[in-house]
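**Q** Here it is, the structure, as structure tokens.
The values are calculated or read from the model by the stated rules, or taken from the named source; none is laboratory data. Nothing here was measured: the structure is a model prediction, and the numbers come from that model. Counting neighbours? That spans all protein chains shown, and the Cβs are built from the backbone with ideal geometry, glycine included.
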Amino acid sequence: MRLGGIYPIFEPNVALRRDPAYKPETPPNLRFVRPDSIDDFDDITPQLDRYGLSAIAAPSAVWTRSRDECAAFGERARELGIMVGEANFNDNLMVAARELAEQRINDIRRGLLNADVMQCRTLHILPGTKSPVGGLLTAHPEMFTDAYKAELREVVLRVLDGLDLQHTRFLIEPFNHSFFYQPEDIREFYDAVDHPRFGFQMDVVNMIAMDTYFDTTSLIHRTFDLLGEFVYSAHVKDLLWDHGHLTLKWDEVLIGEGTLDLETYLQRLDELDPDTPCYCEHLPDEASYAHNFAKVHEVTERIGVEVKRRVEQLELGG
């Protein structure tokens, strides 16, 4: 596996889950998780090496970049022993307005082609919301229906229709605001789509439910058993039950502060392609990323899981 960081969150109370207009700019000291351009590479390589990393995210809004810019970015990353492992698309593809939906499908298709020329391994989305208000993670009852499943399947196939992708796969990340949450339901959806460039964005913490909060081990095994063949990128974080809140409230926390069985998670990730990128995400500062990277390295070294480092790839000439 390759380790990296992704998606800093600086103002958690107004992040994309609540405010669709929230688009923070990554500060220079955190651009090692997602460089803005090829000009950032010289500055970020010392941080990648300090934390034992060899994966980064693609620049933001990759569909707005030129094809030449994307090709040059990917080429420079490979010269430095770095994998561009993940791009994302945060605009809701399930909006009711037909013209807006068409525009966004065209945008993501352009993003996939740009990611492919960059040789970025994946581009992922979250299941879109049917709520007319709120951010991308806003729940709506329709999102648990067969009609929604059919509509999402049609969107996936329209996005991929006719695209000749050589390097990039189109992924969906699970979340608890729709049916795309538990491994059995997700596997049924992948069988229905049945497309060779369609994959799964592994994020087992997003799949924790009441019956698995204290038993993430079984959830990890179920998820990999059913969906491992579709995994091309992964996120690693942790989850804690906030017992000081009057009703149910779970928070993302630093790795080791929650209930995730990190050892089992990393063991199962090690069964995948050794170039699978694994990202720590949603952190506010470099110290928090450093903590999570150290926890991953600590466990992988103890259980004998290889984490590919950038400098080692340069020494091997690849």
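**Q** What number of residues within the stretch 241-272 are outside any helix (DSSP H, G or I), in contact (Cβ under 8 Å) with a residue 12 or more places away in the chain and either of a type outside the set (A, V, I, L, M, F, W, C) or within 19 Å of residue 196 (Cα to Cα) (or both)?
**A** 10
**Q** Could I ask something else about it? So, in the stretch 102-130, exactly how many residues are crowded, with 19+ Cβ neighbours inside 10 Å, without any contact (Cβ under 8 Å) to a residue 40 or more places away in the chain and out of contact with any helix residue (DSSP H, G or I) (no Cβ under 7 Å at 6 or more places or on another chain)?
**A** Total meeting the criteria: 2.
**Q** Still on this structure, I have one more. Filtering the stretch 161-201 down to residues that are of a type in the set (A, V, I, L, M) and touching a Lys or Arg at 6+ places or on another chain (Cβ under 9 Å), which residue is farthest from residue 63 (Cα to Cα)?
**A** Narrowing the stretch 161-201 to residues of a type in the set (A, V, I, L, M): 163, 165, 171-172, 186, 192-193.
In the following step, the residues that additionally are touching a Lys or Arg at 6+ places or on another chain (Cβ under 9 Å) were identified as 163, 165, 192-193.
Details: 163: 14, 165: 15, 192: 27, 193: 24 Å.
Ranking the candidates gives 192 first.
**Q** Inspect the stretch 291-303 for any residue being more than 20 Å from the chain's Cα centre (by Cα) and either at pLDDT below 95 or at positive phi (or both) and give the result as yes or no.
**A** no
**Q** Also, quick follow-up: Would you be able to tell me the number of residues in the stretch 269-289 that are buried (at least 16 other Cβ atoms within 10 Å of the Cβ) and either under 19 Å from residue 51 (Cβ atoms) or under 17 Å from the mean Cα position of the chain (by Cα) (or both)?
**A** Applying the first criterion (buried (at least 16 other Cβ atoms within 10 Å of the Cβ)) to the stretch 269-289 yields 269-270, 272, 276-283, 286, 288-289.
Subset that is either under 19 Å from residue 51 (Cβ atoms) or under 17 Å from the mean Cα position of the chain (by Cα) (or both): 269, 272, 276-283, 286, 288-289.
Looking only at that region, the number is 13.
**Q** Name the single residue, out of those in the stretch 207-216 being surrounded by 14 or more Cβ atoms within 10 Å (Cβ to Cβ) and of a type outside the set (Val, Ile, Thr), that is farthest from residue 269 (Cα to Cα). Lay out the reasoning, then the answer.
**A** Let us first name the residues in the stretch 207-216 that are surrounded by 14 or more Cβ atoms within 10 Å (Cβ to Cβ), namely 207-208, 212-213, 216.
From the residues that got through so far, the ones that are of a type outside the set (Val, Ile, Thr) too are 207, 213.
Values: 207: 16, 213: 20 Å.
Among those that are surrounded by 14 or more Cβ atoms within 10 Å (Cβ to Cβ) and of a type outside the set (Val, Ile, Thr), it is 213.
**Q** Something else about it: Quick test of your reading of the structure: residue 199 fulfils all but one of (1) among the small types (Gly, Ala, Ser); (2) within 24 Å of residue 73 (Cβ to Cβ); (3) in a loop (DSSP other than H, G, I, E, B). Name the failing condition by number.
**A** (3)
**Q** Kindly establish whether residue 121 is at negative phi, charged (D, E, K, R) and modelled with pLDDT of 95 or more. Even if it seems obvious, please write down each step before you answer.
**A** Numbers: at negative phi: yes; charged (D, E, K, R): yes; modelled with pLDDT of 95 or more: yes.
So residue 121 passes the test.
**Q** Continuing with the same structure: Within the stretch 192-221, can you find the residues that are of a type in the set (S, T, N, Q), touching a Ser or Thr at 6+ places or on another chain (Cβ under 7 Å) and under 30 Å from residue 108 (Cα atoms)? Write out each step before concluding.
**A** First, the residues of the stretch 192-221 that are of a type in the set (S, T, N, Q): 201, 206, 212, 216-218.
Then drop every residue that is not touching a Ser or Thr at 6+ places or on another chain (Cβ under 7 Å), which leaves 201, 212, 216-218.
Result: 201, single match.
**Q** Determine whether the stretch 217-240 contains at least one residue that is surrounded by fewer than 16 Cβ atoms within 10 Å (Cβ to Cβ), part of a loop (DSSP other than H, G, I, E, B) and out of contact with any strand residue (DSSP E or B) (no Cβ under 6 Å at 6 or more places or on another chain).
**A** So far as the stretch 217-240 goes, no, none of its residues is surrounded by fewer than 16 Cβ atoms within 10 Å (Cβ to Cβ), part of a loop (DSSP other than H, G, I, E, B) and out of contact with any strand residue (DSSP E or B) (no Cβ under 6 Å at 6 or more places or on another chain).
**Q** Going through 95, 155 one at a time, which residue ends up being out of contact with any strand residue (DSSP E or B) (no Cβ under 6 Å at 6 or more places or on another chain), in a loop (DSSP other than H, G, I, E, B) and within 22 Å of residue 189 (Cβ to Cβ)? Give the steps one after another, and end with the answer.
**A** Numbers: 155 fails: in a loop (DSSP other than H, G, I, E, B).
Selected residue: 95, the only one of 95, 155 that is out of contact with any strand residue (DSSP E or B) (no Cβ under 6 Å at 6 or more places or on another chain), in a loop (DSSP other than H, G, I, E, B) and within 22 Å of residue 189 (Cβ to Cβ).
**Q** Specify which of the listed residues (62, 33) is buried (at least 24 other Cβ atoms within 10 Å of the Cβ) and farther than 30 Å from residue 140 by Cα.
**A** Details: 62 fails: farther than 30 Å from residue 140 by Cα.
When all the criteria are applied, what remains is 33.
**Q** Among the numbered criteria (1) buried (at least 17 other Cβ atoms within 10 Å of the Cβ); (2) modelled with pLDDT under 95, which single criterion is violated by residue 246?
**A** The one condition residue 246 does not meet is (1).
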